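Below is one structure, written out as structure tokens; the observations come after it.
The values are calculated or read from the model by the stated rules, or taken from the named source; none is laboratory data. Note that the structure is predicted; figures quoted are calculated from it, not measured. Using ideal geometry, Cβ is built from the backbone for each residue, glycine included, and neighbour counts are taken over all protein chains shown. Ligands, DNA and RNA are excluded from the accessible area calculation, which covers all protein heavy atoms including side chains. Shrake-Rupley method; radii C 1.70, N 1.55, O 1.52, S 1.80 Å.
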Amino acid sequence: MPSISKKGRQMPASPIRKLVPYAEAAKKRGTKVIHLNIGQPDIKTPEIALDAVRNHTIEVLAYSMTEGSETYRKKIAAYYAKNSIAVSADDIIVTTGGSEALSFVMGTIMDAEDEIIIPEPFYANYNGFATALGVKVVPIASSIESNFALPPIAEFEELITPKTKAILICNPGNPTGYLYSKEEIQQLAELVKKHNLFLVADEVYREFAYDGREHYSILREPGLEDRAIMVDSVSKRYSMCGARIGCLVSKNQEVIQTALKFAQARLSPPTFAQIASEAALDTPQSYFDAVSKEYVERRDLLVAELQKIEGVKVAVPQGAFYCVVELPVSNSDDFAQWLLEKFEMDGETVMVAPAAGFYATPGLGKNQIRIAYVLHKDQLIKAVHILAAALKEYNVQ
Ligand SMILES: Cc1ncc(COP(=O)(O)O)c(C=O)c1O
């Protein structure tokens, strides 16, 4: 057989999915697996979005415009205006999920071997997009001790080389749940201006900011018009992960026009999903208030229950719906596998995401896991009790 590509071999497997065969085997044995490992919300998609598709009378399901339908882009711009972000429809390219926007951004601003600095732990698929494009991820460690706040700017400066093109942040963070403050964004703004870099922000969890904290988008920062590129998605905001709609937003028209060429190669984003996403923009504020209240309650419960377990450290999330948890184990990959292969409590076990896969620096995160609190509260409590019992048994082995 002819050999597959070096890139193909280097392409990282998802740290979230690699334990799936063990979970499947546990289920076949009759063990119920509570999934704390995936970010698929259990929240209902707004009816208004589903109705728009149900009631549509399309006769030819045609391609849409490469950059996304004009009515949808205008409505997205109006949504941003409500969020104090001043952009026009021309500053937006609708993409097939935030995922496609991320790979368009990297393709637009980076050549092979260029470097992008990303605070770690970070959304593991950034590694995948970077590998596919031959781009080098340069991690900068943030720590659970500081709740995963922005690392000191001086540490960023030490990592900047002639190959550095951009800094990428996820705000609020997956897996950290950390919400960057306006001051932190402003520090980054100064840094990218000083070193002539792009600042890319993955803001797909923008709506999930808790405790009265306000999300500060990089697109709100004056003076950053040529450097700021934002990635967004309907996946989590409206619990519409399967729609596969996101967007890339920038005031820099050269960025937009270049990204458009990548977009032209894939013709257009999905038509029905744009109809649903456009309608979703009319979702009443009461939906978000209820969702936010639910996540805050889940977070509070999860953190309180986890803190009762000896030797466990939790970074309290301020946004999104994930948290990184440090466990009294030396290797959370082994522990996560053991949970699925060897442990059960009353016929149930839990599946967690080992955190090492969210770090680019080898060795970091080895005693951490990521928990997604996308389950009902009673399930979450049960899951933490299972985790506590499992840790006791694992540590006396
Ligand atoms: C931080 C972050 N960015 C981007 C994405 C991609 O989302 P999608 O392609 O569904 O819009 C995800 C999905 O989980 C995510 O967590």
| task | Look at Val234 and say whether it is of a type in the set (Val, Ile, Thr), within 21 Å of the chain's Cα centre (by Cα) and under 13 Å from Val94 (Cα atoms). | result | yes
| query | Can you tell me how many residues in segment 264-275 are open to solvent by 10 Å² or more (accessible area, probe 1.4 Å) and outside any loop (DSSP other than H, G, I, E, B)? | reply | 6
| message | Checking Lys261 against (1) within 27 Å of Phe198 (Cβ to Cβ); (2) in contact (Cβ under 8 Å) with a residue 40 or more places away in the chain; (3) in a helix (DSSP H, G or I), only one condition comes out false. Which one? | response | (2)
| request: Search segment 306-321 for residues that are polar (S, T, N, Q) and pair each with any residue that is more than 16 Å from the ligand (Cβ to nearest atom) when their beta-carbon atoms are under 8 Å apart and the residues are at least 6 apart or on different chains. | output: Gln307/Val314; Gln318/Asn147; Gln318/Tyr210; Gln318/Asp211; Gln318/Arg213
| remark: When (1) out of contact with any strand residue (DSSP E or B) (no Cβ under 8 Å at 6 or more places or on another chain); (2) farther than 30 Å from Arg17 by Cβ; (3) open to solvent by less than 70 Å² (accessible area, probe 1.4 Å) are applied to Ile43, the one that fails is (2)
| query | Being without any contact (Cβ under 8 Å) to a residue 24 or more places away in the chain and either at positive phi or open to solvent by less than 70 Å² (accessible area, probe 1.4 Å) (or both), is that true of even one residue in segment 6-14? | reply | yes
| task | Name the strands (runs of 3 or more DSSP E) wholly inside segment 74-167 in which the number of residues that are within 15 Å of the ligand (Cβ to nearest atom), under 16 Å from Ala201 (Cα atoms) and open to solvent by less than 20 Å² (accessible area, probe 1.4 Å) is 1 or more. | result | 92-95, 115-120
| query | Within segment 244-263, which residues are within 11 Å of the ligand (Cβ to nearest atom) and open to solvent by 20 Å² or more (accessible area, probe 1.4 Å)? | reply | Arg244
| note | Checked pairs for segment 225-242, first of a type in the set (S, T, N, Q), second assigned to a loop (DSSP other than H, G, I, E, B) and within 11 Å of the ligand (Cβ to nearest atom), C-beta under 7 Å and 6 or more apart or across chains, list as Ser233/Val204; Ser235/Val204; Ser239/Pro41
| request: Under 8 Å between Cβ atoms, at least 6 apart or on separate chains: pull out the pairs that start in segment 53-66 with a residue that is more than 11 Å from Phe272 (Cα to Cα) and end on any residue that is modelled with pLDDT of 95 or more and open to solvent by 60 Å² or more (accessible area, probe 1.4 Å). | output: Thr66/Gln264; Thr66/Leu267
| task | Within segment 218-243, track down each residue that is surrounded by fewer than 21 Cβ atoms within 10 Å (Cβ to Cβ) and within 16 Å of the ligand (Cβ to nearest atom). | result | Cys241, Gly242
